[in-house]
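Reading through the structure tokens given below for one structure.
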Amino acid sequence: MELLLPYFSAFIVGLLGGVHCIGMCGGIVGALTFGLPEASRGSVAAQLPFQLSYNLGRLISYAVAGAVMGGLGLLLAELMPIQVAQQALLLLAGLFMVLLGLYLAGWWMVLNRVERVGGLLWRRIEPLGRKLMPVQSPAQALAIGMLWGWLPCGLVYTMLINAVASGGALQGAALMLAFALGTLPNLLAIGLLAGAAARLARSQTARKVAGVTVMLFGVYTLWSATRLMS
């Protein structure tokens, strides 16, 4: 059961991060929806193949990034004693999880600085997405979704730090996939429940509850690191 806990935690973080996803990606989802052929915007059934394709592309990008970071973590572990590497990576992952909780709750927005660094890469990727508009097919939506997955996001970057500590490329990909599946309900619901989603994003109570819960995951990760020291 303990082996599955990191993946379950990643899923819950993705789910709780919905208050951030709505604010961060709501505009993108709206733009992508209005970029669909007019005939496909008439009903939920007509939109669904496109919305699923957008999100499948995003999930693929997250899994690829997780595999890269997990592989990097494995490489780092081979360069130092395994217990020292595990402690260092878990401490880093726990610290970033606590910072993410503060970020989600709106108490300390330090991860905005990390997002600005990621913006350097996004400026090179984003023009490719414009060339794929307007969307005419689910395959086109899939390609745009794969680009969307590289949007600068403190929530995603924090989970990528956790992927570094996951133990390998396969584990990193699985961790990011679990996280991405957690974000899926919120992002799919944005187009259908735009008003309710916007109210949730503005709810200080929802943001604080999500932030505190994520910080508890971070504290647990830090505690796991200290157990390795004993």
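Of note:
- Pairing each residue of the stretch 90-111 that is under 10 Å from Val219 (Cα atoms) and β-branched (Val, Ile, Thr) with any residue that is buried (at least 20 other Cβ atoms within 10 Å of the Cβ) and modelled with pLDDT under 80, provided the two are 6+ apart or on different chains, yields C-beta distances under 8 Å for Val98/Gly218.
- Residue satisfying condition, being crowded, with 19+ Cβ neighbours inside 10 Å, touching a Ser or Thr at 6+ places or on another chain (Cβ under 6 Å), among the hydrophobic types (A, V, I, L, M, F, W, C) and at pLDDT 85 or above, within set Leu175, Leu147: Leu175
- Residue check for Leu151: in contact (Cβ under 8 Å) with a residue 12 or more places away in the chain, in a loop (DSSP other than H, G, I, E, B), aliphatic (A, V, I, L, M) and within 25 Å of Ala105 (Cβ to Cβ): yes
- Scoring Glu78 on the criteria (1) modelled with pLDDT of 80 or more; (2) surrounded by 14 or more Cβ atoms within 10 Å (Cβ to Cβ); (3) of a type in the set (D, E, K, R) leaves a single failure, condition (2).
- Residue in the stretch 126-143 that is modelled with the lowest pLDDT, counting only those that are farther than 23 Å from Gly66 by Cβ and part of a helix (DSSP H, G or I): Arg130
Yes or no, residue by residue, for (1) assigned to a helix (DSSP H, G or I); (2) of a type outside the set (A, V, I, L, M, F, W, C):
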site	(1), (2)
Asn55	yes, yes
Gly70	yes, yes
Ala77	yes, no
Phe96	yes, no
Trp107	no, no
Asn112	yes, yes
Glu115	yes, yes
Arg124	yes, yes
Gly145	yes, yes
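The values are calculated or read from the model by the stated rules, or taken from the named source; none is laboratory data. All values derive from a computational prediction rather than experimental measurement. Virtual Cβ from ideal backbone geometry, glycine too; neighbours counted across all protein chains shown.
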